[in-house]
Structures are given as C-alpha cells and as structure tokens.
1. Considering the values [x] 23.9; [y] 20.3; [z] 25.9, which represents mean projected area of the Cα convex hull in nm² as calculated for the structure under consideration?
2. Given H placed 1.01 Å from N in the peptide plane, which residues other than close sequence neighbours of G137 have an amide H under 5 Å from its amide H?
3. Using 0.36 nm per residue of separation minus the Cα-Cα distance, give me the extension gain between D5 and M358 in nm, one decimal.
4. Placing +1 at every Lys and Arg Cβ and -1 at every Asp and Glu Cβ, with all other atoms neutral, what dipole size does the chain have around its Cα centre, in debye to the nearest 20?
5. Given H placed on each backbone N at 1.01 Å, which residues far from V359 in sequence or on other chains put an amide H within less than 5 Å of it?
6. Per-residue counts of other Cβ atoms within 10 Å, averaged by peptide: what ranking do you get for 176-184, 225-233, 23-31, highest first?
7. Tell me the angle of helix 324-333 to the major Cα principal axis of the chain, expressed in degrees between 0 and 90 and rounded to the nearest ten.
8. Which angle between 0 and 90 degrees, to the nearest 10, do you get for helix 182-205 versus the longest principal axis of the chain when only C-alpha atoms count?
Amino acid sequence: MNALDGIRILDLSRVLAGPWCTQTLADLGADVVKVERPPRQDHPGGDDTRGWGPPFLRARDGSDTAEAAYYLGANRNKRSITCDIATADGQTLIRELAAKAHVFVENYKVGDMARYGLDYAALRAINPRLVYCSITGFGQTGPYKDRAGYDFAIQAMGGLMSVTGERDDLSGGGPQKVGVAVADLFTGMYATVAIQAALRHAERTGEGQHIDMALLDTQVAMLANLGANYLVRGRADGKVPGRAGNAHANIVPYQVFEVAPDAEGHAQYIILAVGNDGQFAKFCAVAGCPELADDARFAQNQNRVRHRVVLVPKLAELLKTRGKADWLTALEAAKVPCGPINNLAEVFADEHVRSREMVQTWAHPLSDAVDLVASPIKLGATPVRNDLPPPLLGEHTAEVLSEWLGAAPARLTELKRTGAV
C-alpha cells in the first residue's frame, strides 16, 4: 500500500519543475500519466529533456539510447502516453482523461491551455473535483505573466544570484547561479505540497481548485533568512544583503576553511558550521584556543558576526595547522558540526549514503540495470514505490486508454490515424 494509492494524475508538464512535482507524487503511489508530444518528421516528440544529453542511457549492446540521464532523473514511477493537444481529437482525448483524473498538472504559457479548451474553467465543467495545477515562470497574473520563465533567469531576477558567489572584492567574485536548477526544484516541491492540500480540500468538500505556482514567487520565498534580514532591518537601514562566498550572513564561524595540504601537497578544505555558542566553545577546546571562547568579542554569536573580520582570519590560520582527517575526527568526536567537501563520486561512495539506500537500480526496457538517485522520503507504513522505471515515449498509451477510458483497440487505431496519438 502507498500513501497516494488511487489518485490519478494527468501530467502535461515538461522539463523539470512539473515533472519533479509529479515524480514525487508518483513515488507516493499516485498513478501519474505523463502526456507527451507524439514524434513527427520535424520533431522527435516527447519531453524536451529526453534529448538533453549526453550523457544518455547505455543500451545492452553498449551504444547510446535516446534516453538522456536528465529525463531519467525526473520521471520514475510514471506511465507515458502520446497525445497531440493541437488537434481536435487530441483535445477531446485529454478532456476524457481529465474527467477520470483527480489532478491535472501543466506548465504551458499563460493562455495556451485556454486556446486548446483545456484550461481550468473548461475542465472544471467536466470534473468539478479536479485539482488543476499550473506551473509558470511568473504566475497567472501580474505584468510579467506572459513571459517565458527559465530557472537561470529566475535565479537572477529573484535575488538568488545576488547572494550566491564569492564577495565582489575577492578573486572570483561576481554573481553565480546554484549548481542545480533550484528554482525549478523548489517550485516542484511547493507544488507537491499544494496539490496534496487541495486534494484534502476536495475530499472534504467535493470541490477542486486552481493552483497557481510561479517560479519567481518560489524563488522570492526561498530567500528565507536573507529576505527577512532585508525586510526587518535592511530596508530601513539601507543595507542590502550581498554575496558572502561560503560564509553565512547570520552565523560565525559557518564557512569553508582551508586545512593542511595532503601528502601530495594538494590543497584540502573542510566546512565548519558552528551553530551556537556551546559549539563554538567546544571548537575552541579542540583547536587549543579556549581563550577565544572567553573573549567578549567572540563568546556570543551576535558578537562573532559583528567581529567576523577579526575572528575569521585567526581561525583560518589555525585551521591550516592540521590535516583534514585530523580535524574531522576531532571535531566530530566533540559534536562540532563539520564535514568534508565531497565530489559526486565521493557522495555516492559514502558509506552512510549507501546505507540509506539513496541509489536504486532499475530494470529498464533498454537496459538491465539503471542506477538512479532514490526518493529521500522514508515512510514507515506506506513506503514509496519503486516499480516503474522512467517510461519510453508513449510506452503506455494503449494500456492507459484501456484502463482509464475502457477504449477498445479500434479507438487507438483511429487516434493514430488522425495523428492525435
């Protein structure tokens, strides 16, 4: 049994924010039907990310398939059908499926669904309980609503790049995006929460609703403590948060420090994440500098923040006196938050990551074994699903139309003839 058993989701989203949302819902047990563009002579069809490689999945004979790793990472536990919503027959088919669904997810530009007769108002008339989630760059309202939204641009417009990267006065300073598409990913997760809340409302009232998710809204919300810093005091004081490299705006010491080089002379680093005054005292004891914990400038975090330009250089010199393993062993024993900076090979080789089963191996139609990152959700009574590998384009069209609509093979043949699927 899974938490969302029995929930049917019609997923017309593409790329990342929407698919990330529906993948989580699929992991939780929902029947997610991914609706993709049929292949045509001028287009390979399907979600754009199917072609976003290399790398591509390697087939049994060692050759590249057409399945990009990007696509595989956001579409497990779903079924794929093809449908051309630009055709009248395709639109009719989507309306039939929507009548049987609990949730409809789309990330088309504002107004596109209305042009196809697939907007919330149209589908609500067919299915009043339908939870309809629209994911766009800027939302359904506002002066930017008609703009296309891309994660990179949203990270810039939403302030994230203004607080990410090295300080402007240091080498390498300047705006930086985060290494993964966090605005897309967070929007997908917020959408997951919103959909489940709307499903709960529909269960109690029989009434669906329209969810308006915007990447820019999410990015602004993600500013978290930095956004609060500006609104609570910065705006009045004329202080705008800026880039601080790996340092923290409100906690010291909380950043990357260089330690002694390894045996080959290569530079080594650790992160130190001292979250309270007790941890700072423990760090000072381990580091052999207890006097710093007694210094009025450094004893309390608020004063460490005020005097970071004095304290951090002292700690930087101190950290260079011992090697990475020495520091990590001693600090972990003293319960001082710290850690190595792992590359991805080290992440997936880590004994704890392995013990938490964060990599799962799937059998795929084109490969006997595909390793993918697993869901981090650990539910005791209703564990996540692990039964459907990321689907091939249109792999389940006949199956879904039969299950959801009771469609006979002749219907599928006719839909293929008209180009609807």
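The values are calculated or read from the model by the stated rules, or taken from the named source; none is laboratory data. The model shown is predicted, which means the values in this text are computed figures rather than measured ones. Positions of Cβ are backbone-derived with ideal geometry, glycine not excepted, and every protein chain shown enters the neighbour counts. Ligands, DNA and RNA are stripped out before the accessible areas are found, and what is left, the full protein with its side chains, is counted by its heavy atoms. Shrake-Rupley method; radii C 1.70, N 1.55, O 1.52, S 1.80 Å.
1. Matching entry in [x] 23.9; [y] 20.3; [z] 25.9: [z].
2. So G137 has HN proximity to G149, L215.
3. 124.8 nm
4. 940 debye
5. So V359 has HN proximity to A374.
6. Answer by packing, highest mean first, reads 23-31, 176-184, 225-233.
7. On a 0 to 90 degree scale, this one is about 90.
8. That helix lies at roughly 60 degrees to the long axis.
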